Amino acid sequence: MAKVLMKGNEAVGKAAIQAGCKFFAGYPITPQNEVPEYLSRELPLAGGTFIQSESEVAAINMLYGAGGSGARCMTSSSSPGIALKQEGIGYCVFGEIPCVINSVARGGPALGTIQPSQQDYNQATRGGANGDYHIPVLAPASIQEAVNFIKEAFEIADVYRTPVIVLEDGLIGQMMEPVDFDVPVKKREHTPKSEWAMGYGNGNPHLIEGIVMDAPMCEKKNRRFFKEKYEVIEKEEVRYEEYMMDDAEYAFVAYGSSSRICKTAIKTLREKGIKIGLIRPQTLWPFPQVPFQNKNIKLFIDIEMNMGQMVPDVALAVNDKNKVKFFGRCGGMIPSPEEVVEATEKIIGGAK
Amino acid sequence: MYLDDKRVRIICGHYGSGKTEFALNYVAELRKLTDKNVAISDMDIVNVYFRSREKKEELKKMGIELIGSSINEYADVPAIPAEMRIPFIDKNYEYVIDLGGNDVGTVVLKKFVEYVNPEETDLFMVVNVFRPDTCDVPHIIEQKSSIEYTSGLKVTGFVNNTNLVRETKAETLLYGDKILREVSLKTNVPIKYTTYVEEVVEDMTPDIKKQLSGDVIPLKYYMRESWM
């Protein structure tokens with residue numbers, strides 16, 4: 001009996017410890033409070049350091065220090081809290097700090113609501129820091145996947161020396177599900193921390209910096225990031241799931257909790273004779289391209305708990321915006337499978 | 001069986017042990033058995049999602065009074081309205097209290113200490129042995145002690161709600177039963193109920209029911225949507 005029943009947020013905390021996280025800093029915010037609560041109790045027992053920082057801004061900048069010193073580190077917050085961290089995230093990007101940012105989204109903008117949402121798709125995939133950059137974004141749809149993705153996020157962070165975001169809607173954080181913590185995650189090769197981290201002095205200076213003194217050097221650094229990191233990540237780190245796509249004429253596109261609602265809706269729609277499947281991006285950046293090359297699909301129906309933030313990515317991947325339709329709820333409202341079925345029938349009916 | 005319990009039933013237990021699903025199922029059945037007023041209070045100020053207060057309308061239609069946050073059913077406000085006192089005082093009420101998790105959730109009861117009469121109060125502790133903090137006999141006893149210390153009341157019955165959500169099988173319940181029986185022997189507190197979700201546990205048989213302790217009662221999901 002390897003499985004236990006865990007709340008998403010607790011499971012994220014445990015997964016981080018299993019992944020070797022030695023430093024956590026964060027500031028409380030609903031609906032992710034069980035993450036710091038769990039880690040405040042368990043991380044010190046595992047030889048790590050837990051800090052409840054004075055603000056979200058402080059927490060992300062503590063990661064700049066902890067990650068820059070070679071520790072596996074994580075912060076966690078929810079929508080407005082992640083908004084506050086944006087400047088620090090930019091510094092972590094440019095300073096090449098491996099770190100994991102657990103983001104549990106609620107209704108927005110501003111303080112919004114405490115209910116689950118996916119209104120932070122753009123916040124995660126585009127980001128609010130200045131400059132040219134990308135951050136890998138993993139989007140789990142179950143507690144088990146959240147656990148696996150947190151562990152993978154630490155690996156990806158180390159391989160590419162980059163922040164990695166694990167984006168969950170509030171339901172994934174608050175829901176209880178059985179989970180197996182022994183699912184293996186592939187350990188990867190990465191540049192030894194002794195070659196770059198602070199405090200590993202072997203005579204060579206290790207410099208972690210957010211400033212470049214002249215423009216040609218700054219451009220060079222930007223271009224190196226695009227060539228050595230982003231191009232490789234786009235090639236190597238894309239993940240997606242295809243569900244009932246073999247004979248599909250229509251495809252839902254959804255991630256996180258929305259994808260589960262879609263799977264239930266697919267059952268009903270198929271009973272009504274509509275051949276529909278699901279493309280579920282598991283990475284939101286890099287955004288999957290291959291499944292959208294499917295020429296049998298008449299319409300791609302994007303279902304989200306927001307006002308359609310993923311639509312441009314789907315339209316680019318499909319390369320035909322007329323084939324992309326959208327239905328969603330926002331502000332913390334969760335669409336029911338019945339609502340999704342009804343919206344789909346309307347969309348498909350209108351296409352005939 | 002529900003009417004044999006004391007007039008005020010307080011449902012406590014670990015975070016995520018299944019208190020709210022049990023409390024809602026319990027109160028729905030209780031409603032069918034009595035002509036008295038039936039009320040349930042959502043005293044969980046720890047959780048923000050999956051709260052009984054979200055079911056106010058549904059319960060109202062069934063003739064059950066839900067007393068939740070005074071502001072609205074979704075606010076992130078630890079509001080304990082004064083109305084929660086009424087069913088303690090008015091003996092014409094059958095009362096169910098859905099507490100928050102752990103000793104932290106139990107501390108809310110202190111607000112009502114002058115109205116809680118142990119003579120007419122049952123404190124039921126819901127246990128799922130697949131929750132890591134109540135995974136074995138010592139953990140469960142520790143949890144029980146901390147809840148009793150905080151509430152000032154004694155647990156009067158256990159509810160075996162051992163489950164792995166949609167992966168629950170009859171053997172899952174039997175496993176929980178074995179551990180809880182040992183707890184029951186050590187603490188001298190009976191297992192009052194064993195609960196399982198009927199649509200999930202497909203291999204439940206009358207023979208297995210006989211092996212399980214207390215009244216074995218089927219539940220339906222109130223809080224968990226079909227896609228969860």
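Nothing in this text is a laboratory measurement; each read-out follows from the coordinates by a stated rule. Since the structure is predicted, the reported quantities are computational estimates derived from the model, not experimental observations. Backbone-built Cβ (ideal geometry, glycine too); neighbour counts: all protein chains shown.
For the stretch B:114-178, applying the loop criterion from DSSP together with a ceiling of 14 other beta carbons within 10 Å to the trypsin sites (Lys or Arg not before Pro) yields B:Lys154. In this structure, the amide hydrogen of B:Gly13, modeled 1.01 Å from its nitrogen in the peptide plane, lies closer than 5 angstrom to those of B:Asn102, B:Val126, counting only residues at least 5 positions away or on a different chain. Loop-resident GluC sites (Glu not before Pro) (DSSP state other than H, G, I, E or B) in the stretch A:81-176 with no more than 15 further Cβ atoms inside 10 Å of their Cβ are absent. Helical runs assigned H by DSSP (4 residues or longer) give the protein assembly as shown a calculated mean residue ellipticity at 222 nm of -10000 deg cm²/dmol, each run adding -39500 (n - 2.57) before division by the residue total. Residue ranges A:97-105, A:182-190 sort as A:97-105, A:182-190 when ordered by packing (mean number of other C-beta atoms within 10 Å per residue, highest first). Normalising by the residue count of the stretch A:241-351, find the relative contact order in percent from Cα pairs under 8 Å and 6+ residues apart. Normalised by residue count, the contact order of the stretch A:241-351 is 29 percent. At the listed q of 0.06, 0.07 Å⁻¹, the Debye profile of the protein assembly as shown, built from one uniform point per Cα, gives log10 I(q)/I(0) equal to -0.34, -0.46.
On the beta carbon distance between A:Arg270 and B:Met62, with R0 = 25 Å, the FRET formula returns roughly 0.15. Measuring r between the beta carbons of A:Val57 and B:Glu171 and using R0 = 35 Å, the FRET efficiency lands at 0.10. Couplings 3J(HN,Hα) of the stretch B:211-216, computed from phi: 6, 8, 7, x, 6, 8 Hz, in residue order, whole Hz [Karplus 6.51 cos²θ - 1.76 cosθ + 1.60, θ = phi - 60°; x for Gly and Pro]. With 32 Å as the limit, the listed pairs A:Lys151/A:Lys263; A:Lys7/B:Lys36; A:Lys325/B:Lys61; B:Lys6/B:Lys61; A:Lys298/B:Lys55; A:Lys22/A:Lys263 have A:Lys7/B:Lys36; A:Lys325/B:Lys61; A:Lys298/B:Lys55; A:Lys22/A:Lys263 beyond it between alpha carbons. The H on the amide N of A:Cys99, modeled in the peptide plane, is under 5 Å from the matching H of A:Thr162, A:Val164, each at least 5 residues off or on a different chain. The charge dipole of the stretch B:2-219, taken about its Cα centre with unit charges on the Cβ of Lys, Arg, Asp and Glu (plus for the first two, minus for the last two), comes to roughly 320 debye. Computed from phi, the 3J(HN,Hα) profile of the stretch A:115-122 under the Karplus parametrisation 6.51, -1.76, 1.60 (θ = phi - 60°) reads 7, x, 8, 10, 6, 9, 4, 5 Hz, with x in place of Gly and Pro.
Taken one residue at a time, the phi angles of the stretch A:205-211 give Karplus couplings (6.51, -1.76, 1.60, θ = phi - 60°) of x, 10, 10, 10, 9, x, 10 Hz. Gly and Pro are set to x.
Global size of chain B: 16.5, 48 Å for Rg and Dmax (C-alpha atoms, Rg to one decimal, Dmax whole). Between amide H atoms placed 1.01 Å from N, distances below 5 Å from A:Arg106 occur with A:Ser79, A:Ser117, all of them 5 or more places distant or on a separate chain. Residues B:Ser52, A:Ser76 in ascending order of nearby Cβ atoms (within 10 Å, fewest first): B:Ser52, A:Ser76. Extending 7 Å from the Cα toward the beta-carbon at both A:Val290 and A:Gln86 defines two label points whose distance is 3.4 nm. Could you compute the FRET efficiency for A:Tyr200 and A:Lys227, with r as their C-beta to C-beta distance and R0 at 35 Å, rounded to 0.05? E(calc), rounded to 0.05, equals 0.85. Straight-line cross-link partners of A:Lys229 among the lysines, defined as a Cα under 16 Å from its Cα and at least 8 positions apart when in the same chain: A:Lys220, A:Lys221. Straight-line cross-link reach from B:Lys186 at under 21 Å between alpha-carbon atoms covers these lysines, not counting any fewer than eight positions away in the same chain: B:Lys144, B:Lys154, B:Lys178. Each residue in B:Leu59, B:Leu153 was given a count of other beta-carbon atoms within 10 angstrom of its own, and listing them fewest first yields B:Leu153, B:Leu59. Taking the DSSP bridge list for the stretch A:241-351 and keeping only pairs wholly inside it, about 20 percent are antiparallel. Charge dipole of the protein assembly as shown (Cα centre as origin; +1 on each Lys and Arg Cβ, -1 on each Asp and Glu Cβ, all else neutral): 440 debye, rounded to the nearest 20.
DSSP finds beta bridges in the protein assembly as shown, and of those with both partners inside it, around 15 percent are antiparallel.
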